[in-house]
1. Quick one: what are the phi-derived ³J(HN,Hα) couplings along the range 179-193, Karplus 6.51/-1.76/1.60 with θ = phi - 60°, whole Hz, x for glycine and proline?
2. In the chain, what % of DSSP beta bridges are antiparallel (nearest 5)?
3. Tabulate in residue order the Karplus-calculated ³J(HN,Hα) for the range 99-105, using 6.51 cos²θ - 1.76 cosθ + 1.60 with θ = phi - 60°, rounded to whole Hz; enter x for Gly and Pro.
4. Whole number please: convex hull volume per residue of the Cα set in the chain, in Å³?
5. Mind checking the range 288-343 for GluC sites (Glu not before Pro) that DSSP puts in a loop (not H, G, I, E or B) and that have at most 14 other Cβ atoms within 10 Å?
6. What length, rounded to one decimal in nm, is gained on full extension from residue 88 through to residue 35, with 0.36 nm per residue of separation minus their alpha-carbon distance?
7. According to the Kirkwood expression over distinct Cα-Cα pairs, how big is the hydrodynamic radius of the range 146-300, in Å?
8. Please report how far the C-alpha centroid of the range 257-321 lies from that of the range 137-195, rounded to the nearest whole angstrom.
Amino acid sequence: MYKYYDKKNNFVETFNPETGFYIRSDDLTTGKEPFMRDFPALLDIGIMGHCVHGASGLCIQSGVQCYQNGLHTQEPNMSLENFKRIVDECKGKTFQFALGGRGDVDQHEDFEEILKYCRLQGIVPNFTSSGLGFNEKIVSLCKEYCGAVAISWYRSEYTGKAIDMLVSAGVTTNIHYVLGRNSIDEAIEHLQQEDFPDGINAVIFLLHKPVGLGTQANVLSPDDERVKEFFSLIDKHDYKFQIGFDSCSVPGLLNFTEEILNSTLEPCEGARFSGYITSDMKMLPCSFDNQELKWAVDLNEHTIQEAWDSDVFDDFRSHFRNSCRGCSRQCDCLGGCPIRREIVLCTKEEKDLC
């Protein structure tokens, strides 16, 4: 078990690297939930600068609109030297890395060394993949070093094969399902029929964002009756696998469910408990700023701690402090996404995004 005491914000955390169990206390003095941490507990690290799967057009064919613009963007992958520097700065402070970026992490030229170095320094690596290039060697490395592996739902033979390989090897396996106007009917059908692959740990629903190749036309509306039907299925039914969401979906969960405990929901963690680092060492509050880089801090010139404490990151946090201040659920929602406000699944009169 790892323990961390945040002296600045006066709370404690416990993390089990074997099971992924994580618990955070309230403020030890006020009893209120902490607004932020003094250093990111989770870092999303975009070690991939280019994507074979995306460049081939397979993402588009599957209906997934890549927010990293993998169809057109070709950049170098993050160097092992830079990755190790990140690990060294995070040792003893960050519990987990979510490895990703513009491409399949398992195709990085230093994939094995990256996983090993994380574990050597006490950080649990997790990653997402299309599964296109999966083989027994990759699965073996996942089993030895990773906390969990997610396979993106690309509706293909290689998707199913990768899931089967991971499940058969005993790897904690999740499905990442992008939820947009073009995919919500299918999601409802899968939930009604309960026919996601056997043996998976969870289906994690990720809200579509109009970033990169993502279009405005595919953004879900809170007025869409299918949105209500989808969240009702989540609210009223139990499944043989767990259900999870990205924090971008929290406004929808608050507005369209009744049975889910607020204590199980975490509104946007960007610049509060997590951050993202691009393959060329730009640190952002969230990966969805990867195109505009509005809140970017260059780690070639600054440390992770300096980026975290910067005015740029605090500007991002100001959205959470000031949005929807007249709403009784503000502390549960924090106003939703600061980057793409049109994705916030809320129609309340008190909605006032800063």
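Read-outs throughout are calculated quantities, based only on the coordinates presented, and are distinct from any laboratory measurement. Every value quoted in this text rests on a predicted model; they were computed, and no experiment measured them. Counting neighbours? That spans all protein chains shown, and the Cβs are built from the backbone with ideal geometry, glycine included.
1. Calculated HN-Hα couplings, in order: 9, x, 4, 7, 10, 5, 4, 5, 4, 4, 4, 4, 5, 5, 8 Hz.
2. Numbers: 12 of 43 bridges.
Approximately 30 percent, going by the DSSP bridge assignments.
3. Taking θ as phi minus 60°, the curve returns 7, x, x, 9, x, 7, 4 Hz for the range 99-105.
4. Details: hull volume 46.1 nm³, N = 354.
Dividing the Cα hull volume of the chain by its residue count gives 130 Å³.
5. Hits after loop and neighbour filter: 292, 301.
6. Working: separation 53, 0.36 × 53 = 19.08 nm, distance 2.57 nm.
Computed gain between residue 88 and residue 35 is 16.5 nm.
7. Numbers: mean 1/r = 0.0584 Å⁻¹.
Kirkwood radius, the range 146-300: 17.1 Å.
8. 26
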